[in-house]
Each structure stands twice: as C-alpha cells, then as structure tokens.
Amino acid sequence: MPELPEVETVVRDLAAADIAGRRISRVEVLHPSVIAPLTPREFIRRLTGRRLAGITRRAKFIVFQLDDGELLTLHLRMTGQLHLTHGGRGDKHDHLHLTLDDGRTLTYHDPRRFGRWRLGRNAAELFHALGPEPLDDALTPADFAQRLRQHHRQLKPLLLDQTFLAGLGNIYVDESLFAARLHPRRRAQTVKPEQAQVLLAAIRKLLTAAIRARGTTLGLGEGNFASPYHMHGTFKLKLKAYGRTGEPCVRCGTAIKRIVVGQRSTHFCPACQKR
C-alpha cells in the first residue's frame, strides 16, 4: 500500500502535469464500488463542470481542491493508480474517468477495486479522525513525546494507527524504529523524551529521503502507484530493515529478524533494537 512518500510523489507529479486550473468536462463511473458514499449519478452531477483549483495531500489521501472549496479525495489502497492520457485507455481495470477541458483524461485504474473516491464539503468533515502530519513543524518533539506517554500500546501498531500519526505504513515504521534503535514491541509509554525526539527525527529524515527518491518500488515495480511519468521509486535500495529477513544488520552484522506485531509483518535487528 502506498505510504506518505509515494502519495506525495503522485501529488507532485500531478501538479507538474498542470492538472490544477483545468475544468472537468465529463465524468464516467465504470464501477460504482470505487466511489463512496454517493451514487454514480450524484457523483457525476456534482463533479461535472467543476474546476480543479489545486492538488494536495493529507496522510495517504490525494486531495483535489474544487473551485467552491469542496474536496475530492482519493485513497489508492493496494492497487490503485492514476493515468493521464489523451482519449482514455480502455483497460478492463479502469473504473473511473475524469475528462478535462484540454482533452486529457485522468483515469483511475485498480485491479482489486480497494481504492475509494470521496466528495466532502471540507477537510474537517473528511479528515477529522486523522492524527498530525509527521512532517508538520507544528508537531514538536515535546508534543510527540507526550502523545507517546498517553498510550500503553506497542510502538509498531501505534505508529501505524492513522489517528495517532498520519501517513506512515509498514515500510517506514520498520525503518524508523530501526533508525531509532527501538524494539517494535516496546510499550509507547516507556519511551523517554530523548528517545521520542530521536524517533521523530528518524521518521522525518526517512520520509524526506523517500520523497526525494520517489518512494519505494515494490511488487511488479509500479514504483509510485500513480505517477503520470511512470518513473520508479528507488528508496528500496536504501532500506535497512524492511524486507531484509536473514540479511546482516548494516550496524552490527546480526541477522535481521521477521516477527508479526499487531498482525503486521515486522522487521528489526534483535541486537540493535533490544526490547
């Protein structure tokens, strides 16, 4: 599933493709399950003729800002992709088309149909349950440490919880805990303020580096899940924990171990990340 760096890459690519400012001249919903909770007829009615005023990101959501302040959001989930073409594509897994006033078509492609498009009146309505953005300067180390102290959960599932911190997924949580030398099963309330500061700095450093690398290429190499330019991410080459089961730790040489924490595959160094 794409995480913050992958979604941020998609948003930047769409912005570079000059989507902002274009008007939606036609909407086609080929599979109703990818839109929620509106019916296809209502979704089409509310979008047709609207202008895309801007494109941003919130957590793992792509956010299209419409001309009257309403928001159109997309969560790509496991296999969602966007393709920007002239005249559409005609693939059997293409489920939604937004034709723009310059003749280009933004097509939503999703073999598993897990992704969702949603219309909302404002950010408060759509994102009320989300936690702070990890790259937001408003989240200070002291605030982060305080938030950790309020929870008795293990670090791995807590950092994956989008209501605690928005945008992280399995890859970057494993990498952040490795960088901070914290065990994924450690209880959040036991993390000292100085350790919390190191963890937050590690999260930010990794996310920033991953954005520069256009994310992590996984699976079949559909690098950024939705890039109009189809340029693969390269952060996989820099992973130090995730997916490296049995390989030597880059710090101490101990074999990286894989366990299951909170029903999620988890990679860590048993020597560097002692519980």
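Read-outs throughout are calculated quantities, based only on the coordinates presented, and are distinct from any laboratory measurement. Computed from a prediction, not measured in an experiment: that's the story for all the values here. Here Cβ is always computed from backbone atoms with ideal geometry, including for glycine, and neighbour counts include all displayed protein chains.
Structure values in brief
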item	result
Order of K274, K92, K236, K156 - criterion: other Cβ atoms within 10 Å of each residue's Cβ, fewest first	K92, K274, K236, K156
Over 12 Å [Cα-Cα, the range 151-205], rounded percent	61 percent
Whole-number percent relative contact order across the range 8-72, with pairs defined as alpha carbons under 8 Å at least 6 apart	32 percent
Among G120, L199, G131 the positive-end extreme of the charge dipole of the chain (Cβ point charges)	L199
Max mean-square fluctuation residue, GNM over the chain, Cα-Cα springs under 10 Å, options R57, R45, R187	R45
Cubic angstrom per residue, convex hull over Cα atoms of the range 95-142	170 Å³
Helical contribution to [θ] at 222 nm, DSSP H n ≥ 4, -39,500 (n - 2.57), averaged over the chain, rounded to 500	-8000 deg cm²/dmol
Cα-centre dipole for the chain with unit charges at Cβ (Lys and Arg positive, Asp and Glu negative), debye to 20	1120 debye
Residue exposure sequence - H95, H31, H109, H152 - by fewest surrounding Cβ within 10 Å	H152, H31, H109, H95
The range 62-105 - Rg (one decimal) and Dmax (whole number), Cα, Å	12.0, 33
Positive-pole candidate from A166, I211, G262, dipole of the range 122-275, charges at beta carbon	G262
Electrostatic dipole magnitude of the range 1-79 [Cβ: Lys, Arg +1; Asp, Glu -1; Cα centre; debye, to 20]	240 debye
Cα long-axis angle, helix 193-212 against the chain (0 to 90 degrees, to the nearest 10)	40 degrees
Rel. contact order, % - alpha carbon contacts under 8 angstrom, at least six apart, the chain	19 percent
Reach of K205 by Cα under 19 Å, taken over lysines that are not fewer than 8 positions away in the same chain	K60, K156, K236, K238, K240
Label-point gap, in nm, between K205 and A129 - each point 7 angstrom along Cα→Cβ	3.4 nm
Ranking of D137, D67 by count of other Cβ atoms within 10 Å, fewest first	D137, D67
Whole-percent pair-distance distribution, where bins are 10 Å wide, for the alpha carbons of the range 41-178	10, 34, 30, 18, 7, 0
Paramagnetic reach from D18 (point 7 Å along Cα→Cβ, amide N under 18 Å) across the range 45-68	51-55
Mean projected area (nm²) of the alpha-carbon convex hull when the range 1-104 is viewed from all directions	6.3 nm²
Extended-chain gain in nm, criterion 0.36 nm per residue less alpha-carbon gap, K238 and S25	72.4 nm
Extreme residue, positive dipole direction of the range 5-86, given options I35, F64, L14 (C-beta unit charges)	I35
Debye log10 I(q)/I(0) at q = 0.23, 0.24 Å⁻¹ for the range 122-216, Cα point scatterers	-1.26, -1.36
Relative counts (whole %) of C-alpha pair distances in the range 15-66, using bins that are 5 Å wide	4, 19, 22, 25, 22, 8, 0
Where Rh is the Kirkwood radius over Cα pairs, Rg/Rh for the chain	1.01
